[in-house]
Amino acid sequence: MVCPFFNEAAIIREAAETMASRLAEDFDDWELILVNDGSDDESLDTVLDIREAQWRDRVKIVSYQPNRGRGHALRQGIRAASHDIIVTTEVDLSWGDDIVRRLHDALVADDTAHFVIASPQIADDGYHLVPLSQRLISRWGNRLIGLFFRGGVTMHTGMTRAYRREVVQPMEFQSNGKEFHLEVLLKLMTLGFKPIEIPATISWAARNRAGDRSRPRSQVFNRRMLGTISSHLLFVALARPMAYFGVISALIVLSGMGFGAAAIWNLIFGGVSVFFAVIALILFLFGALFMGFAVVFTQLREISREGWLDHYPDHTAARTSVKIYGAERE
């Protein structure tokens with residue numbers, strides 16, 4: 001189990017002790033990897049005390065400075081894992097203290113699955129004490145991403161997942177922020193690794209009790225949210241570039257045809273047609289430009305795929321006929 005944390009002194013002791021106790025109750029063989037993502041409060045000292053007091057043989061702590069982001073923390077934790085199934089989740093137990101067992105059992109029960117995603121989108125009550133704005137962003141953001149990924153997944157941006165170690169550990173990931181989750185999906189699903197989902201509820205009860213430990217919301221939006229949105233759009237473009245840029249190109253060309261028709265109409269009936277003709281020409285050029293983007297990104301994805309395959313020289317799922325977001329490829 002891999003849990004990154006950053007400045008979680010208000011909850012880390014109770015959360016870590018609960019996680020370790022539950023893992024000991026549910027599994028004979030387990031490990032808890034806590035990744036300190038550059039905390040500058042008492043979080044690291046707290047988990048070190050917990051490890052020394054009771055769980056020295058089971059708890060690993062990875063620590064570094066400065067803060068690098070959730071993706072970097074998860075990369076370090078996954079790299080340090082030694083068990084066959086690696087679960088990644090929130091340190092505040094917002095997905096419930098039974099989520100590790102549920103993810104583990106789902107992956108063990110399905111021999112064809114390579115990783116499992118916890119999804120509030122398919123749960124009856126997927127969001128508990130989560131602000132309405134966050135629920136809407138999560139629901140509609142994931143639906144929008146799903147239009148392009150086409151992998152049958154409803155939760156693309158969540159951290160809480162279980163992976164087979166031989167599937168996730170060999171791959172090299174570059175993302176440091178929240179786009180890490182999309183990078184994982186893009187690479188693993190492009191190579192034919194199969195995800196499944198289980199219903200799960202995320203609760204902000206512990207977060208609300210601890211209060212807002214982050215920077216002011218306006219700063220978070222200005223400095224992080226825009227970067228997250230742009231990086232997510234990049235991965236969406238790589239997932240299905242023909243759909244992403246092709247649709248934009250088609251809309252632009254259709255607009256250009258409308259202006260072209262207006263230019264012809266004015267030419268026939270004595271109106272001013274030059275203005276409409278110039279706009280039509282500009283739109284046609286932009287349409288061709290976006291179609292060029294579609295071709296370039298498609299080739300980039302295929303070139304990248306060949307490089308990703310090198311991480312799995314003996315893995316049949318990555319070497320046989322695989323499904324790439326709705327298109328079959330040999």
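Within the range 41-60, none of the residues are among the hydroxyl-bearing types (Ser, Thr, Tyr) and outside any helix (DSSP H, G or I).
Of the residues 102, 79, which single one is at pLDDT 95 or above, of a type in the set (D, E, K, R) and over 17 Å from the mean Cα position of the chain (by Cα)? If you could, list the steps in order and put the result at the bottom.
Numbers: 79 fails: at pLDDT 95 or above.
Step by step, each of 102, 79 is checked, and only 102 is at pLDDT 95 or above, of a type in the set (D, E, K, R) and over 17 Å from the mean Cα position of the chain (by Cα).
Take the conditions (1) in contact with a Leu (Cβ under 6 Å, 6 or more places away or on another chain); (2) over 23 Å from residue 18 (Cβ atoms); residue 109 misses just one of them, which is (1). The set of residues from the range 39-61 being aliphatic (A, V, I, L, M) and within 14 Å of residue 91 (Cα to Cα) comprises 44, 47, 59, 61.
Within the set of pairs 6 or more residues apart or between chains, which connect a residue that is farther than 24 Å from residue 291 by Cβ inside the range 250-272 to a residue that is in a helix (DSSP H, G or I) and of a type in the set (S, T, N, Q) with Cβ atoms less than 9 Å apart? Hits for this filter: 272/266. For the range 132-152, how many residues are under 19 Å from residue 305 (Cβ atoms) and open to solvent by less than 50 Å² (accessible area, probe 1.4 Å)? The qualifying residues number 3.
So for the range 250-266 (the condition being within 26 Å of residue 152 (Cα to Cα) and either at pLDDT 70 or above or in contact with a Cys (Cβ under 7 Å, 6 or more places away or on another chain) (or both)), does at least one residue qualify? Yes - at least one qualifying residue is present in the range 250-266.
When the range 49-70 is examined, which residues are found to be open to solvent by 80 Å² or more (accessible area, probe 1.4 Å), under 19 Å from residue 178 (Cα atoms) and of a type in the set (S, T, N, Q)? Please lay out each step first, then the result.
Residues of the range 49-70 that are open to solvent by 80 Å² or more (accessible area, probe 1.4 Å), as a first pass: 49, 52-54, 56-57, 65-66, 68.
The next check asks that each one be under 19 Å from residue 178 (Cα atoms); those that pass are 65-66, 68.
Once the filter is applied, which keeps residues that are open to solvent by 80 Å² or more (accessible area, probe 1.4 Å), under 19 Å from residue 178 (Cα atoms) and of a type in the set (S, T, N, Q), the range 49-70 yields only 65.
Scanning the range 159-215 for residues being open to solvent by 50 Å² or more (accessible area, probe 1.4 Å), more than 21 Å from residue 37 (Cα to Cα) and modelled with pLDDT under 85 gives a total of 2.
Among the residues here, residue 36 does not qualify as out of contact with any helix residue (DSSP H, G or I) (no Cβ under 7 Å at 6 or more places or on another chain), over 26 Å from residue 126 (Cβ atoms), modelled with pLDDT of 90 or more and outside any helix (DSSP H, G or I).
Please tell me if residue 245 is open to solvent by less than 80 Å² (accessible area, probe 1.4 Å) and either under 30 Å from residue 192 (Cβ atoms) or under 31 Å from the mean Cα position of the chain (by Cα) (or both).
yes
A search for C-beta distances below 6 Å between a residue of the range 191-219 that is farther than 15 Å from residue 131 by Cβ and any residue that is modelled with pLDDT of 90 or more and hydroxyl-bearing (Ser, Thr, Tyr), counting only pairs 6+ apart in sequence or on different chains, returns 194/112; 197/119.
Does any residue of the range 20-32 turn out to be surrounded by fewer than 19 Cβ atoms within 10 Å (Cβ to Cβ), in contact with a strand residue (DSSP E or B) (Cβ under 9 Å, 6 or more places away or on another chain) and more than 22 Å from residue 165 (Cβ to Cβ)? Scanning the range 20-32, I find no residue that is surrounded by fewer than 19 Cβ atoms within 10 Å (Cβ to Cβ), in contact with a strand residue (DSSP E or B) (Cβ under 9 Å, 6 or more places away or on another chain) and more than 22 Å from residue 165 (Cβ to Cβ), so the answer is no. Being small (Gly, Ala, Ser), touching a Lys or Arg at 6+ places or on another chain (Cβ under 8 Å) and closer than 18 Å to residue 13 by Cβ narrows it down to one residue among 94, 43; which is it? Only one candidate passes the filter, namely 94.
The values are calculated or read from the model by the stated rules, or taken from the named source; none is laboratory data. All of these numbers come straight from a predicted model, not from anything done at the bench. Because the Cβ atoms are built from the backbone with ideal geometry, glycine has one as well, and the counts that use them run over all protein chains shown. For accessibility, only protein heavy atoms count, side chains too; no ligands or nucleic acids. Shrake-Rupley method; radii C 1.70, N 1.55, O 1.52, S 1.80 Å.
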